Amino acid sequence: MDEVIQVTQWFSSITPRKKAKLFFFTTHADAPTPMVGSNDVDTHEETQLPLATTVALHNFKNIDEFLKKKVNTFSCYNVIENEITKTDYEYLRFYSACKYLDVVPPFLDLEKKSAIQNKFEMTDEERDYRLLLDSADLVLEKVCDSLKPAGVSQMWTALRKDRNLIRGVKTIDIIGFFVDPNPTGIKECLFFFIVRFLHKADKINRVNTNRLERLIAQCDESSSCEEGKTIDFIIDSLRFYPTELYPFGFCLIMCVIEGRDGAMQEIEKTMEISRHLGMITHTNKNPTKETIELVKKELMKPKYQFYSSFTCWFMSHGDSNSMVLADGETIEREWFLTSFPDISTFQLKPKVFFMVSCRGANKFSLKGDEFEGQSATCDYYDVGSALIRNRMLDITDSVRDISYVQPMMDTLVAYSTILDHLSGRANTHGSIYVDRACVLMSENISRGRSLTEILEHLSQDLHEILQETMDEDRIVYKQACHYDSLFRKTLKLPYTRHPKEDVHSAPQ
């Protein structure tokens, strides 16, 4: 069949709502840069004009032309070996969006897709289309689905009132002040226009969504929300780190085995829980300074831009300032923690570090006959008002900025013990902290718990356990764990996911 006919038939089979969503996912706001073939040309018209004209004219002609142009570009594209181009990135995004929406063109060359994935050095696990979707866009899609046309119209009215923000923007004038968002697909186009406009104006990104939340907050709940949804529910959905679909993120497990009884058990537990959470996992046994540098270099590769989060377990001996590596060398804990968050592929994404090592030799010792012989160390332990607001500072948009971000932001570091204290171990099962952390995370999957809630529960659970030193004194003591957080959103544990399990049901 002639390709032109195939393209025409493909377009005729796609609903207006899916066309709007396909356009939105394809014009992803945070594409990796710099890349071969990318430049600094203003893409304002390319990403916003088709949405504006569709809303104004109730006609999908410009969106159709944009998508046809993409299809033609991909059809004629010859995959260049080695170099990763802007078109490579767009090809993968387009394919994943089509797969998610269940509208994959029958004429799309999947061999090209495979060749592009080879250039990204993707493993078999990483070739799952869900990795290629942007989680932040999926959250925004759900927000859109939770709003009625009247709700999006009210957001538009609120946006139009911000004269400083919209002054001189031609696409705003194309749409006009009054909009009828009721025809099929127009609500989606208007909502996605608002989102991309705020992206372009540097008012929101995948972490900073306050400006969008304020627009939604101005909606009338009785007329703006779909059945079963509320304004609070919609706004709350924007206050979590976007980690939709599989995989939940990338997990790096670094464990020193030499001289650490039960270390292999630690690896098995952390691998099991990371896979249960839906993470793609890499294990580095007996790390050295050289292998740590190699891992950091690996994480800078373009494919890691597709991940939604980063988790690292580092398990070794240590003292108050440093950690002991497999070759007996030490590294400063602070150096390790500050070098990974600065990796560009994980900027604006949650980064979690579990630091499992002693930080000194002190113990919170328990004395008395009733504590003798009671220990888990030697035996595996199984188990605002308006009035107040009016008196506060008026922080205007003119003094807000989301462009520059301190590298350590969006980072959480969980320590197995407090400064200058021991981190306890069981003879055969390794770190008790690792064991309890994995158990609690496993128990709380599908319960809507956040990571910090789990860590607070872990702090309580671990501090109840009586441990005993392995020296001749056999001192019974307790261990206290804690965490330091620079999170700007809440990180929720995902529902159970398996790499081979497709939990997706196509959106409308």
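The values are calculated or read from the model by the stated rules, or taken from the named source; none is laboratory data. All values reported here derive from a predicted model rather than from experimental measurement. Ideal geometry is used to build each Cβ from the backbone, glycine not excepted, and the neighbour counts take in all protein chains shown. With ligands, DNA and RNA removed, areas are computed over all heavy atoms of the protein, side chains included. Shrake-Rupley method; radii C 1.70, N 1.55, O 1.52, S 1.80 Å.
Quick look at the values:
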{"read-out": "Per-region count, the range 205-254, residues under 18 Å from the mean Cα position of the chain (by Cα) and in a strand (DSSP E or B)", "value": "5"}
{"read-out": "Residue within the range 220-227 that is closer than 22 Å to L165 by Cβ, outside the structural domain of A326 (by the TED database), among the hydrophobic types (A, V, I, L, M, F, W, C) and surrounded by fewer than 22 Cβ atoms within 10 Å (Cβ to Cβ) present", "value": "no"}
{"read-out": "Residues satisfying the stated conditions in the range 133-153, i.e. part of a loop (DSSP other than H, G, I, E, B) and either touching a helix residue (DSSP H, G or I) at 6+ places or on another chain (Cβ under 7 Å) or closer than 16 Å to I235 by Cα (or both)", "value": "L133, K148"}
{"read-out": "Given (1) touching a strand residue (DSSP E or B) at 6+ places or on another chain (Cβ under 9 Å); (2) open to solvent by 10 Å² or more (accessible area, probe 1.4 Å), index of the condition I216 fails", "value": "(2)"}
{"read-out": "Enumeration of residues in the range 312-334 that are in a strand (DSSP E or B) and not aliphatic (A, V, I, L, M)", "value": "C312, W313, F314, G318, S322, T330, E332"}
{"read-out": "Count of residues meeting criterion [among the acidic types (D, E) and in a helix (DSSP H, G or I)] in the range 159-201", "value": "2"}
{"read-out": "Subset tally (residues that are in contact with a helix residue (DSSP H, G or I) (Cβ under 9 Å, 6 or more places away or on another chain) and open to solvent by 30 Å² or more (accessible area, probe 1.4 Å)) for the range 154-172", "value": "5"}
{"read-out": "Residue within the range 288-311 that is more than 30 Å from N82 (Cα to Cα), at pLDDT 90 or above and not in a helix (DSSP H, G or I) present", "value": "no"}
{"read-out": "Candidate set from the range 180-213 (those that are farther than 18 Å from N62 by Cβ and among the polar types (S, T, N, Q)); member that is most open to solvent (accessible area, probe 1.4 Å)", "value": "N182"}
{"read-out": "Cross-chain or 6+ apart pairs with Cβ under 7 Å, the range 279-292 first and over 15 Å from M323 (Cβ atoms), then assigned to a helix (DSSP H, G or I) and basic (K, R)", "value": "T281/R275"}
{"read-out": "Any hit, the range 146-153, residues being surrounded by 14 or more Cβ atoms within 10 Å (Cβ to Cβ), outside the structural domain of F310 (by the TED database) and at positive phi", "value": "no"}
{"read-out": "Scope the range 67-99; condition part of a helix (DSSP H, G or I) and open to solvent by less than 20 Å² (accessible area, probe 1.4 Å); matching residues", "value": "L67, V71, F74, D88, Y89, Y91, L92, R93, F94, S96, A97, C98"}
{"read-out": "Count of the range 109-132 residues which are outside any helix (DSSP H, G or I) and either charged (D, E, K, R) or open to solvent by 20 Å² or more (accessible area, probe 1.4 Å) (or both)", "value": "5"}
{"read-out": "Residues (of a type outside the set (K, R), farther than 26 Å from P494 by Cβ and open to solvent by 50 Å² or more (accessible area, probe 1.4 Å)) located in the range 270-300", "value": "E290, E293, L294"}
{"read-out": "Selection from the range 328-346 of residues that are open to solvent by 20 Å² or more (accessible area, probe 1.4 Å), of a type in the set (F, W, Y) and under 18 Å from M409 (Cβ atoms)", "value": "none"}
